[in-house]
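One structure is given below, encoded as structure tokens.
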Amino acid sequence: MVSKLDGTKHFDACDFDIINKRVQKKLSKPDTNGCILWMGSKDIKGFGCLKYEKKIYKAHRIIYMIYKGDIPEKYCVKHKCNINLCVNPEHLILDKNRR
């Protein structure tokens, strides 16, 4: 299976296996609201980030793809809980309207 993470990079199953192993080390235990917080690097807006093959990706987008599948073009991944560092797949939803 080949999945598209952004406009330029495709990941295959091997990539996702490597990425998933790295991701699992950076997750908190669920809090009282069920949020699983990203404990790795953050960007200036407070979103979790992960560097892979010299490119930086948003952690919540990677988690969405690992657990729910591809992100269609022109869609963004939003947090139902409104917590930028939350990467609980149950809290991540697709939204066609970018900010």
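Side notes on the structure shown:
- The range 57-99 - residue that is touching a strand residue (DSSP E or B) at 6+ places or on another chain (Cβ under 8 Å) and β-branched (Val, Ile, Thr) and, of those, surrounded by the most Cβ atoms within 10 Å (Cβ to Cβ): 87
- Neighbours by Cβ (under 7 Å, 6+ apart or cross-chain): first from the range 68-82, among the aromatic types (Phe, Trp, Tyr); second surrounded by 12 or more Cβ atoms within 10 Å (Cβ to Cβ) and at pLDDT 90 or above: 75/94
- Flag for residue 13 being among the aliphatic types (A, V, I, L, M) and at pLDDT 85 or above: no
- Scanning the range 57-99 for residues that are part of a helix (DSSP H, G or I) and acidic (Asp, Glu) returns a single hit, 90.
The values are calculated or read from the model by the stated rules, or taken from the named source; none is laboratory data. Note that this is a predicted model, so its numbers are computed, not measured. For neighbour counting, all protein chains shown are included, and Cβ atoms are generated from backbone atoms with ideal geometry for every residue, glycine included.
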